[in-house]
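Engineer: Structure provided below as structure tokens; questions to follow.
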There are 2 protein chains.
Amino acid sequence: MKDMTMALPTYDDVLKARDRIAPHVRRTPVMTSDYLNDLTGAQLFFKCENFQEAGAFKVRGASNAVFGLDDVQARSGVCTHSSGNHALSLSYAAGRRGIPCNVVMPRTAPQAKKDAVRRYGGTITECEPSTSSREAVFAQVQAATGGDFVHPYNDPRVIAGQGTCSAEMMEQTDGLDAVIAPIGGGGMISGTCLTLSTLAPEVVVYAAEPEQADDACRSFRAGHIIADDAPVTIADGLKVPLKENTWHFVSTHVRDIFTASEEEIVEAMKITWKYLRVVMEPSSAVPLATILKNREVFAGKRVGVIVTGGNVDLDHLPWMAG
Amino acid sequence: MKDMTMALPTYDDVLKARDRIAPHVRRTPVMTSDYLNDLTGAQLFFKCENFQEAGAFKVRGASNAVFGLDDVQARSGVCTHSSGNHALSLSYAAGRRGIPCNVVMPRTAPQAKKDAVRRYGGTITECEPSTSSREAVFAQVQAATGGDFVHPYNDPRVIAGQGTCSAEMMEQTDGLDAVIAPIGGGGMISGTCLTLSTLAPEVVVYAAEPEQADDACRSFRAGHIIADDAPVTIADGLKVPLKENTWHFVSTHVRDIFTASEEEIVEAMKITWKYLRVVMEPSSAVPLATILKNREVFAGKRVGVIVTGGNVDLDHLPWMAG
């Protein structure tokens with residue numbers, strides 16, 4: 001396993017990533033809703049990464065890693081651990097390059113995400129839903145397969161890939177005052193900070209997190225990484241802790257981290273399905289949930305909201321009984 | 001009530017409509033899915049009119065009618081009968097112009113659609129879910145209010161407005177072999193035929209209809225309008241019969257009309273929510289349902305699919321129990 005401690009990508013890496021992944025990712029649309037603008041008092045610009053073929057922004061970082069491998073490295077394939085969207089995005093990218101992909105996923109990951117990994121040709125090994133189990137099982141899988149480890153967020157190739165999203169968003173909007181994205185391990189937030197600190201340093205970056213997995217928020221307040229082992233939240237993509245590389249961006253570039261309760265997340269998810277008419281997963285609804293709670297921060301501002309993913313079990317929607 | 005018998009719009013009316021409605025409607029995105037292309041063997045281009053602010057293509061025709069009124073006519077407002085999307089779209093357009101809007105809706109119309117009418121400032125009078133009841137109640141409402149009757153589809157202003165959708169779609173795609181849209185009263189199909197017969201006469205136009213409301217299909221085969229009084233289908237937008245103006249376009253320009261069962265419609269709806277990640281209503285899923293059934297017609301073709309609306313009761317999704 002490579003040591004990723006403080007291997008920070010640069011904006012030049014974002015530019016290279018953009019060229020490298022262009023054939024494999026979509027320039028997703030930015031959507032607006034007069035209703036949601038009225039509701040929040042802000043002008044919201046939703047960058048819909050759920051419309052990537054694999055249904056998540058993670059395909060940007062995954063494609064940058066996979067297509068950056070030289071042919072010798074590529075032969076052994078790639079491997080990772082992930083609650084879902086990185087796993088399926090890496091499988092998608094590996095499938096496009098025709099190389100093996102082994103992923104370790106918690107057995108509790110949404111069925112839709114497991115199905116997608118298999119559809120794209122990835123191989124799943126299940127672990128318990130805790131950081132400790134995930135890391136132990138992954139060490140075995142990596143030793144057995146010899147694949148290149150593409151960490152879901154602490155990898156500089158992944159952060160640079162995620163940084164291409166906000167570069168696109170800046171081109172698609174006529175200036176923004178702020179950008180807000182969900183935070184789990186911090187890959188998207190780090191890529192966003194990396195890109196905007198060069199491209200548009202005046203844009204304030206906020207992160208949004210479930211109250212029930214608020215380790216990033218507590219880390220931010222404490223000034224050092226705090227990691228929870230097995231948080232429980234409907235926002236399944238946001239359970240993982242910050243790591244060295246993402247902590248760098250979070251601690252130096254993020255203005256604030258807001259949290260929302262499970263109920264507030266489900267309500268925001270339902271509101272966006274209804275008024276924006278996009279299928280987003282619970283994690284992606286956390287930013288709107290926090291905007292609705294912190295109206296005074298966002299009112300009157302032009303705010304980019306990164307919709308991170310749309311891989312949902314339609315048979316088990318959180319507002320339905322059972 | 002004005003006599004709309006054979007008052008046919010021209011392509012010039014479409015061009016005028018386009019300028020007139022530009023400030024009030026969105027240029028909606030065209031979306032694709034590799035998964036759905038693999039599934040159908042076709043290249044599908046989904047024109048997502050569900051992303052209009054009011055959630056339906058109907059805002060095009062409604063805006064064309066409302067903003068085409070002179071100031072004297074506008075003072076008495078507008079009125080209509082509709083199962084939902086025309087009602088809320090007309091309310092939306094009337095609200096933007098600041099004029100009254102009275103609508104007659106079946107009491108069984110989806111709650112989401114009734115809520116939207118009221119949110120936009122429209123006034124609802126309920127009727128029974130049959131053509132006969134709707135027409136009787138509407139006559140009373142129209143006599144009482146004196147509003148300009150904007151028929152949901154048989155009105156040339158409405159057909160010209162709907163025709164702006166396929167004009168956009170042709171600009172957004174690099175050539176199409178066919179276009180398919182749901183058919184209820186035939187407003188969207190008529191606008192599509194009107195525009196494409198001038199702009200791209202080589203593009204074949206198909207219509208898609210629920211088996212349980214297949215009056216347009218039977219009319220097409222019989223060579224004259226057949227109207228059912230109270231069909232029952234989950235595709236609530238497609239229960240109304242053809243009228244003179246739309247029959248003209250359907251009988252002269254449409255290549256074929258395909259039908260799908262209720263089960264097939266729900267399955268297609270769920271597939272698009274899952275893989276395209278857009279919230280579309282049952283009516284909008286009928287085209288994909290018929291493409292899946294008639295693979296040999298569409299395989300290898302570049303097919304524009306008009307996603308007509310996305311106003312859904314999220315608490316009562318058709319694949320959930322209860």
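Engineer: For residues that are over 17 Å from B:M6 (Cα atoms), buried (at least 24 other Cβ atoms within 10 Å of the Cβ) and among the small types (G, A, S), tally how many sit in the stretch B:164-201.
Structural biologist: The qualifying residues number 3.
Engineer: Out of the residues in the stretch A:202-247 meeting the condition of being more than 25 Å from A:A268 (Cβ to Cβ) and within 17 Å of the chain's Cα centre (by Cα), tell me which one is surrounded by the fewest Cβ atoms within 10 Å (Cβ to Cβ).
Structural biologist: Per the criteria, the residue is A:E244.
Engineer: Have a look at A:A42, A:A54, A:A7, A:A17 and point out the one that is away from chain B (no Cβ under 14 Å) and farther than 17 Å from A:D155 by Cβ.
Structural biologist: Only one candidate passes the filter, namely A:A42.
Engineer: Based on what the data block shows, is A:V279 at pLDDT below 95 and within 14 Å of another protein chain (Cβ to nearest Cβ)?
Structural biologist: no
Engineer: Follow-up question, since we're still on this one. Please enumerate the residues belonging to the stretch A:282-317 that are part of a loop (DSSP other than H, G, I, E, B), under 23 Å from A:A116 (Cα atoms) and more than 11 Å from every other protein chain (Cβ to nearest Cβ).
Structural biologist: Matches in the stretch A:282-317: A:T308 only.
Engineer: List the number of the failed condition for B:F138; all other conditions in (1) on the phi > 0 side of the Ramachandran plot; (2) surrounded by 17 or more Cβ atoms within 10 Å (Cβ to Cβ) hold.
Structural biologist: If we test B:F138 against (1) on the phi > 0 side of the Ramachandran plot; (2) surrounded by 17 or more Cβ atoms within 10 Å (Cβ to Cβ), just (1) comes out false.
Engineer: Could you please let me know if A:A65 is under 16 Å from the mean Cα position of the chain (by Cα), among the aliphatic types (A, V, I, L, M) and farther than 24 Å from A:T233 by Cβ?
Structural biologist: Taking the combined requirement at face value, the residue satisfies it.
Engineer: When you scan the stretch B:1-91 for helices (runs of 4 or more DSSP H) that lie fully inside it, which ones turn up with 2 or more residues that are at pLDDT 95 or above, surrounded by fewer than 19 Cβ atoms within 10 Å (Cβ to Cβ) and assigned by TED's automatic domain parsing to the domain that holds B:L194?
Structural biologist: Per the criteria, B:11-21, B:34-40.
Engineer: Follow-up. For the stretch B:101-148, give me each residue that is more than 19 Å from B:D228 (Cβ to Cβ), of a type in the set (S, T, Y) and without any contact (Cβ under 8 Å) to a residue 60 or more places away in the chain.
Structural biologist: Passing the criteria: B:T123, B:T125.
Engineer: Now for a different question. Identify the single condition in (1) closer than 28 Å to B:D34 by Cβ; (2) in contact with a strand residue (DSSP E or B) (Cβ under 8 Å, 6 or more places away or on another chain) that B:E264 does not satisfy, given that it satisfies every other one.
Structural biologist: Only one criterion in (1) closer than 28 Å to B:D34 by Cβ; (2) in contact with a strand residue (DSSP E or B) (Cβ under 8 Å, 6 or more places away or on another chain) is unmet by B:E264, namely (2).
Engineer: May I ask you to verify whether A:V312 is in contact with a Cys (Cβ under 6 Å, 6 or more places away or on another chain) and touching a residue at least 24 places away in the same chain (Cβ under 8 Å)?
Structural biologist: No; evaluated as a whole, the condition is false for this residue.
The values are calculated or read from the model by the stated rules, or taken from the named source; none is laboratory data. What you are looking at is a predicted structure, and each value in this text was computed from that prediction instead of being measured. Positions of Cβ are backbone-derived with ideal geometry, glycine not excepted, and every protein chain shown enters the neighbour counts.
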